[in-house]
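Asker: One structure coming up, written as structure tokens, with questions to follow.
The values are calculated or read from the model by the stated rules, or taken from the named source; none is laboratory data. In this text the structure is predicted, and so the values were computed from the model without any measurement. Neighbour counts run over all protein chains shown; Cβ positions are idealised from the backbone, glycine included.
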Amino acid sequence: MRIVGEMRLNCDSIYAPEVDVIDLRKRMGMVFQKSNPFPMSIYEHVVYPLRIDGESRRRILDETVERCLKASALWDEVTDRLRGCALELSGGQQQRMCIARAIAADPEMLLMGEPCSALDPFATSRIEELIFSLRGEYTVLMVTHDMQQAARGSDYTAFMYLGRMIEYGPTKGLFVKPRLQETEDYITGRFG
């Protein structure tokens, strides 16, 4: 695989040879386009990052499950079935559970790749509300092709095209008065 460009986390290149990939994964929680629940209980799914880090204290695990499921707006829906299989949840619930798993390790940032693309409007609304509520606690970097979602839910927007960043700036300015014609053409639907 060939990597071109640079990505930094707190001024450090994530591609540097000395970077510990396991540590990097703890610092950057990932939520994918399609939810990827593990075939285990809801409880074990959420505490998985702690378990692989060697945490076994019941009190810490219990507190993490409650904190993360509340933060992901799922606690009230699953509190009575934490030992049930995570695969039995609806698509929107699975995605919120994956967000709970991602924040269980207290990452510095959340990377979200089209987290609502496979969800119905109700589930999408729940995920968006959740993302908005997490913004103060985590840096959230979200990829979306939904222009309205980007306009509703971001402080800053980057317009990417063919692997290049075309324009970046405060969301309101980018959508109301983009600096570049390519950006305006995309936002107004002239191409894309």
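Asker: For the range 1-38, what are the residues that are under 18 Å from Met112 (Cα atoms) and among the charged types (D, E, K, R)?
Answerer: Arg8, Arg25, Lys26, Arg27, Lys34
Asker: Surrounded by 12 or more Cβ atoms within 10 Å (Cβ to Cβ), of a type outside the set (A, V, I, L, M) and either in a loop (DSSP other than H, G, I, E, B) or out of contact with any Pro (no Cβ under 9 Å at 6 or more places or on another chain) (or both): does that describe Phe191?
Answerer: no
Asker: Follow-up. Restricting the search to the range 19-51, which residues are β-branched (Val, Ile, Thr), in contact with a Gly (Cβ under 8 Å, 6 or more places away or on another chain) and not in a helix (DSSP H, G or I)?
Answerer: Within the range 19-51, Val31 is the sole residue that qualifies.
Asker: While we're on this one: Being among the aliphatic types (A, V, I, L, M) and within 22 Å of the chain's Cα centre (by Cα) is the filter here, so list the residues in the range 1-18 that pass it.
Answerer: Matches in the range 1-18: Met7, Leu9, Ile14.
Asker: Which ones in the range 63-77 are part of a helix (DSSP H, G or I) and under 20 Å from Cys116 (Cβ atoms)? Spell out how you get there, then give the answer.
Answerer: First, pick out the residues of the range 63-77 that are part of a helix (DSSP H, G or I): 63-71, 75-77.
Of everything in the range 63-77, those that are part of a helix (DSSP H, G or I) and under 20 Å from Cys116 (Cβ atoms) turn out to be Cys68, Leu69, Ala71, Glu77.
Asker: Check off (1) within 17 Å of Ile103 (Cα to Cα); (2) loosely packed, with under 15 Cβ neighbours inside 10 Å; (3) β-branched (Val, Ile, Thr) for Val65 and give me the number that stays unchecked.
Answerer: Of everything listed in (1) within 17 Å of Ile103 (Cα to Cα); (2) loosely packed, with under 15 Cβ neighbours inside 10 Å; (3) β-branched (Val, Ile, Thr), Val65 misses just condition (2).
Asker: So, one more: Taking the range 52-62 on its own, how many of its residues are assigned to a helix (DSSP H, G or I) and either touching a strand residue (DSSP E or B) at 6+ places or on another chain (Cβ under 7 Å) or modelled with pLDDT of 95 or more (or both)? Working first, answer last.
Answerer: Of the residues in the range 52-62, the ones assigned to a helix (DSSP H, G or I) are 52, 58-62.
Pick out the ones that are also either touching a strand residue (DSSP E or B) at 6+ places or on another chain (Cβ under 7 Å) or modelled with pLDDT of 95 or more (or both) and you get 58-62.
Here the count works out to 5.
Asker: Another one. Here are some conditions: (1) buried (at least 17 other Cβ atoms within 10 Å of the Cβ); (2) under 16 Å from the mean Cα position of the chain (by Cα). Gly91 meets all but one. Which one does it not meet?
Answerer: (1)
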